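All of the numbers you see were taken from the coordinates with simple rules; none came from a lab. The model shown is predicted, which means the values in this text are computed figures rather than measured ones. Cβ placement follows ideal geometry from the backbone for every residue including glycine, while neighbour counts extend to all protein chains displayed.
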Amino acid sequence: MYKKNNAKQRTVWAVLLTLLMVLSSLAISVPAARADGLTINSFTPAGDLISEDSSEVNYQINEQVDPDNVHFTWNFSNGMDSNFESNIEKIVLNNKNSGQEIHLARTISSAWDGTTVSTQDFMYTKTGGGDGSGGVRCVELILQSTSLEAGTDYTIVLAGSIAANNGNTLEKTYSWNFTTIGTAADSQCPTWQVDSVLIANPASTEAVLEWPAAQDNTAITGYKIYQGMLELALVGADTLTYTVSGLTPATSHNFKIEAGDANGNWSNDGPAVAVMTEALPVSTPPADSSPTDIAGHWAENNIKTLMGMGAMNGYADGTFKPNNKITRAEFATILVKALDLEAGDEMVFSDTANHWAREYISIAAANGIINGYSVQKFGPDDSITREQMAAMIGRARQLQAGEAGINFIDEQQISAWAREAVQQVSSNLIMSGYEDHTFRPAAYTSRAEAAKTICQIL
């Protein structure tokens with residue numbers, strides 16, 4: 001009887017032991033995290049908890065962050081190598097003030113090797129055991145694809161749906177607020193008072209502009225003056241007036257002023273004005289219709305001839321000023337009028353677009369008489385030299401050079417491009433040298449010399 005009861009007891013204990021082993025094995029297969037959910041064990045940089053409720057946890061990072069060296073780490077309670085790619089889609093970086101999302105590079109650049117997987121901006125590292133046993137389950141944001149702005153507030157948000165390999169999630173949304181080191185860039189443009197007015201005082205070929213000072217949250221550093229869409233000049237902050245020269249008489253011109261600051265911000269609503277330049281004054285010569293300062297001058301007859309044709313004019317005070325220098329624009333204008341040249345395809349240099357002689361310069365260029373210093377620049381207000389005048393005359397009359405060469409003692413000073421023209425005008429007795437047998441190619445031409453030379457080809 002004793003043996004039978006003993007046998008029954010051994011059977012009961014065996015069954016109980018078997019049940020305990022089964023229950024024990026079932027407890028080991030259930031990760032501890034399944035009961036607790038996925039958690040963040042630690043993070044860097046250090047920060048303080050500022051709020052928490054059933055759905056959100058918010059931190060403030062203690063120290064300011066270098067905008068060119070942004071590095072955050074989160075060590076999780078469970079691994080997430082199989083979910084890394086979908087999880088980093090749920091990590092968002094925003095400009096806190098503007099709400100603009102900062103682009104993060106999320107394309108895998110280094111595949112999972114059993115320890116790490118990474119993109120340009122993210123890395124996941126898994127070492128050791130999990131579930132709080134000293135292992136590492138670390139997601140890092142190492143911003144390399146872009147830099148943040150200095151002195152600016154940002155927020156990093158981790159969505160509550162970030163999941164571990166076993167399916168557990170954070171359940172709450174976590175956020176970290178931080179400020180970058182430095183001073184925020186000034187993006188505020190200068191402003192103008194509502195009643196700001198650009199005043200223009202026009203003459204025939206120029207206009208004097210005056211404007212009030214603009215305002216800025218830091219300081220105005222300068223003003224840009226525009227004629228139409230063309231920027232004419234940049235002046236300092238203390239300059240509130242500017243003279244625009246080389247304008248076409250009796251023509252409407254549009255001007256505008258914009259203000260700028262040290263950070264490169266420029267206004268776009270500055271004061272503007274449209275103004276009509278005055279017509280050129282009509283000179284009133286003396287009763288005999290001859291200027292008062294050409295009587296007995298060696299070019300008197302030439303001057304009278306061109307004035308009679310309307311190709312040259314005297315001044316309002318009744319003088320001609322025969323010994324004054326003449327500009328490239330003036331010479332081209334006289335030549336076009338004297339030869340009665342017709343307009344062809346318009347040819348405009350960048351520095352003649354708004355010049356009073358634009359039309360005549362264009363006609364001379366279309367007729368092959370003038371060339372600029374380049375395809376863009378003509379230099380209309382430069383005084384014309386003797387070799388430049390020779391070149392224009394030679395082209396105007398398509399002169400052929402005589403058999404005699406250049407017989408001037410300074411012929412080596414004649415520019416290569418002008419040598420043929422000088423030979424043409426000298427061999428055809430249109431231009432001669434000086435008594436000392438020089439040609440003086442770089443010397444400036446006077447109004448009287450221009451009048452005589454042009455009369456030689458009429």
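For region 199-276, what does the alpha-carbon gyration tensor say about shape, rounded, prolate or oblate, given a ≥ b ≥ c as the root eigenvalues, a/c under 1.5 as rounded, and a/b over b/c as prolate?
prolate
Mind ranking 338-346, 76-84, 107-115 by how tightly packed they are, going by the mean number of other C-beta atoms within 10 angstrom, highest first? Write down the numbers at each step before the final one.
Details: 338-346: 12.8, 76-84: 20.3, 107-115: 10.8.
Per-residue mean Cβ counts within 10 Å order the peptides as 76-84, 338-346, 107-115.
Run the numbers on region 199-276 and let me know its relative contact order in percent, using alpha-carbon pairs under 8 Å that are six or more apart.
Details: 150 pairs, mean separation 26.7, N = 78.
Reported relative contact order: 34 percent.
Tell me what the chain gives for mean residue ellipticity at 222 nm when only DSSP H runs of n ≥ 4 count, each as -39,500 (n - 2.57), the sum divided by the residue total, rounded to 500 deg cm²/dmol.
Details: 9 runs with 97 residues, N = 458.
That comes out to -6500 deg cm²/dmol.
Residue separation times 0.36 nm, minus the C-alpha to C-alpha distance between GLU342 and ILE181: what's the value?
Taking GLU342 through ILE181 to full extension adds about 51.1 nm, to one decimal.
Given a Förster distance of 51 Å, report the FRET efficiency between ASN371 and ASN95 from their Cβ-Cβ distance, rounded to the nearest 0.05. Intermediate values should be presented prior to the final figure.
Values: r = 56 Å, r/R0 = 1.09.
Rounded to the nearest 0.05, the efficiency is 0.35.
Determine, for SER374, SER383, the number of other Cβ atoms within 10 Å of each Cβ, and report the residues in order from fewest to most.
Working: SER374 10, SER383 17.
Least to most surrounded, the residues fall as SER374, SER383.
How much FRET efficiency would the formula 1/(1 + (r/R0)^6) give for ASP48 and ASP381, where r is the Cβ-Cβ distance and R0 is 56 Å, rounded to 0.05?
Result of the calculation: an efficiency of 0.20.
Stretched out fully, how many nm does the piece from ALA219 to TYR434 gain, at 0.36 nm a residue minus the Cα gap? Before the final figure, lay out the partial values.
Numbers: separation 215, 0.36 × 215 = 77.40 nm, distance 6.02 nm.
Going from the current span to full extension adds 71.4 nm.
What fraction of the DSSP beta bridges in the chain is antiparallel, stated in percent and rounded to the nearest 5? Numbers along the way, then the final one.
Working: 70 of 76 bridges.
The answer is about 90 percent antiparallel.
Order these peptides, 60-72, 43-55, by their mean beta-carbon neighbour count within 10 angstrom, highest first.
Per-residue Cβ counts within 10 Å, averaged per peptide and sorted highest first, yield 60-72, 43-55.
Structure shown: which of LYS224/LYS256; LYS256/LYS377; LYS304/LYS337 lie over 18 Å apart, alpha-carbon to alpha-carbon? Intermediate values should be presented prior to the final figure.
Numbers: LYS224/LYS256 8 Å; LYS256/LYS377 24 Å; LYS304/LYS337 15 Å.
Listed pairs above 18 Å: LYS256/LYS377.
Please report the relative contact order for the chain, taking Cα pairs under 8 Å with a sequence separation of at least 6, and give it as a percent rounded to a whole number.
Values: 871 pairs, mean separation 43.5, N = 458.
With pairs under 8 Å counted, the relative contact order is 9 percent.
Can you order the peptides 435-441, 271-277 by their average number of other Cβ atoms within 10 Å per residue, highest first? Please report the intermediate quantities before stating the final value.
Working: 435-441: 14.7, 271-277: 16.6.
Ranking, from highest mean packing down: 271-277, 435-441.
Restricting to Cα pairs below 8 Å that are 6+ residues apart, what does the relative contact order work out to for region 151-283? Please round to a whole percent. Walk me through the numbers on the way to the answer.
Values: 283 pairs, mean separation 31.9, N = 133.
Taking the mean separation of contacting Cα pairs over the length of region 151-283, I get 24 percent.
Which net charge results when you count Lys and Arg as +1 and Asp and Glu as -1 among the other residues whose beta-carbon is under 12 Å from that of ARG447? Intermediate results must be reported in sequence, preceding the final value.
On the way: positive: LYS321, LYS325, LYS452; negative: ASP293, GLU330, GLU449.
Here the charged neighbours net out to 0.
Report the one residue of ILE384, SER432, ASN58 whose Cα lies farthest in the direction of the positive end of the charge dipole of the chain (charges on C-beta: Lys and Arg +1, Asp and Glu -1; origin at the Cα centre).
Value computed over the given set: ASN58.
When the chain is fully extended, how far beyond the present Cα-Cα distance does HIS103 get from ASN323, taking 0.36 nm per residue of separation?
On the way: separation 220, 0.36 × 220 = 79.20 nm, distance 7.12 nm.
Computed gain between HIS103 and ASN323 is 72.1 nm.
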